[in-house]
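First comes the structure, then the notes that go with it.
The values are calculated or read from the model by the stated rules, or taken from the named source; none is laboratory data. The structure presented is a predicted model; accordingly, all values stated were derived computationally and were not measured. Every residue, glycine as well, gets a Cβ built from its backbone with ideal geometry; the counts of neighbours run over all protein chains shown. For accessibility, only protein heavy atoms count, side chains too; no ligands or nucleic acids. Shrake-Rupley method; radii C 1.70, N 1.55, O 1.52, S 1.80 Å.
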Amino acid sequence: MWFYFCKRLLLAAAITVAAVTLLFLMIHAVPGNPAAVLLGPRATPEMKAQLHQQMGLDRPLAIQILTFFSGLLNGNLGFDVFTQRPVADIVFEQLPYTIELIIVSILWAVVIAVPLGCYSAIRRNSLVDQVAGLVTVATIAIPSFVMAVYALLIFAVTLRWLPAIGVGNGFWDGAVHLILPGFAIGIGWVGYISRLVRASMLEVLGENHVRMARSFGISEWRIVARYALPLAILPTVTILGVGIAWLLSSAVFIEVVFARPGVGALIVNAVNTRNYPIVMGTVLVTTFLIVAATTISDLIIAFLDPRIREKL
């Protein structure tokens, strides 16, 4: 396990460096003068040149990349061009809002999809299974931002059951404000997870150890919960680890629709204003989250499945 962990850690570091370098090149390829955007149309050429020098944009691109990574090794992500505050402070102020939104969306998806997938596997080809198949396909087809708009119109505007925007004050108020945005992101994963759990459960239920458990007269639901689900859930853990990138991209739209703070809204504002240090800092942190989530999902699978541990 330690060898596997070290190997995954080195791979995560390489992926992070490659992703940040690629994004650095893409940002500088975007047309537009960041100094003109930041200073406005009345800025003089001298003011623009001074800001270019302050942001380090007058140096060669390779030197800018090396300077960024050398600062990163010292824990320095740069400074916001507007407020001159450290980028790390700004990003980590917004990061908890995005993390809690992703956690709630995953809970929405897992709580609905796993029991639905298990029941569809046990009652295969039944009416419930067919209806569940139609519903799950529909949830996959609807984008998260469309679901967010309709959730706002129905539950916040028409019924007035839930708040529409903001993060609330205090723990319980904040939890209530997370219901709609978490639902808007998580409902799209219900289809993926339930279909995946159903297919994995059907395969596991046909294995020898499950047949042996049935021969001892153990109830079907106990067989599913104790012997089948721990193995059938492994592909779901994998797809959730990989799907963190999709969840983060969905959080960008959801945070804008629900007027929530977070890394997604921070990236949108930074890109619109060509605030390069904020963009690089947020992408670096989100890339690390994606790589870390993938690594953690692999470690969880190795912990749950002894067959994988034997291959390490």
Open item on the list: Across region 79-137, what fraction of all alpha-carbon pairs, as a whole percent, falls in each successive 10 Å bin from zero upward?
Closed with: 19, 27, 18, 14, 13, 8, 1
Open item on the list: Give me the net charge for the shell around Ser120: Cβ to Cβ below 13 angstrom, other residues only, Lys and Arg +1, Asp and Glu -1.
Closed with: +3
Open item on the list: Report the gain in length on full extension from Arg214 to Ile179: 0.36 nm times residue separation, minus Cα-Cα distance, nm rounded to one decimal.
Closed with: 8.6 nm
- [ ] Please list, in chain and number order, the residues 5+ apart from Ile165 or on another chain whose amide H is under 5 Å from its amide H, with Hs placed from the backbone.
- [x] none
Task: region 45-156 - convex hull of alpha carbons, volume per residue in Å³ - done: 228 Å³
Open item on the list: Output the 0 to 90 degree angle, nearest 10, between the alpha-carbon long axis of helix 45-55 and the longest principal axis computed from the alpha carbons of the chain.
Closed with: 50 degrees
Open item on the list: Can you give me the long-range amide H partners of Phe79? Hydrogens built in the peptide plane at 1.01 Å from N, cutoff under 5 Å, separation of 5 or more residues or another chain.
Closed with: Val87
- [ ] Using a 1.4 Å probe and counting only protein heavy atoms, arrange Thr44, Thr295, Thr83 so the residue with the most accessible area comes first.
- [x] Thr83, Thr44, Thr295
Task: Cα-centred dipole magnitude for the chain, charges only on beta-carbon of K, R (+1) and D, E (-1), debye, nearest 20 - done: 640 debye
Open item on the list: Can you work out the Karplus-derived ³J(HN,Hα) for every residue in region 273-282? Use 6.51 cos²θ - 1.76 cosθ + 1.60 with θ = phi - 60°, whole Hz, and x for glycine or proline.
Closed with: 9, 6, 7, 4, x, 5, 4, 5, x, 5
Task: Folded to 0 to 90 degrees: helix 2-29 orientation relative to the chain principal axis, Cα - done: 40 degrees
Open item on the list: Given a Förster distance of 22 Å, report the FRET efficiency between Val256 and Ala13 from their Cβ-Cβ distance, rounded to the nearest 0.05.
Closed with: 0.10
- [ ] Specify the inter-centroid distance of region 160-225 and region 75-139, based on alpha-carbon positions, in whole Å.
- [x] 12 Å
Open item on the list: To test your reading of the geometry: what angle, between 0 and 90 degrees and rounded to tens, separates the Cα axis of helix 244-257 from the longest principal axis of the chain?
Closed with: 60 degrees
TODO: Provide the gained length on full extension for the span Ala225 to Cys6, in nm with one decimal, where the gain is 0.36 nm per separating residue minus the Cα-Cα distance.
DONE: 75.6 nm
TODO: Could you order Lys48, Lys7 by accessible surface area, starting with the largest, using a probe radius of 1.4 Å?
DONE: Lys7, Lys48
Task: Protein-only accessible surface order, largest first, of Trp108, Trp189 at 1.4 Å - done: Trp108, Trp189
Open item on the list: Whole-Hz ³J(HN,Hα) for each residue in region 199-210, computed from phi via Karplus 6.51 cos²θ - 1.76 cosθ + 1.60 with θ = phi - 60°, x for glycine and proline: what do you get?
Closed with: 5, 5, 5, 4, 5, 5, 5, x, 7, 5, 5, 6
Task: Stretchable slack from Ala138 to Asn272, in nm (0.36 nm times residue separation minus alpha-carbon distance) - done: 44.9 nm
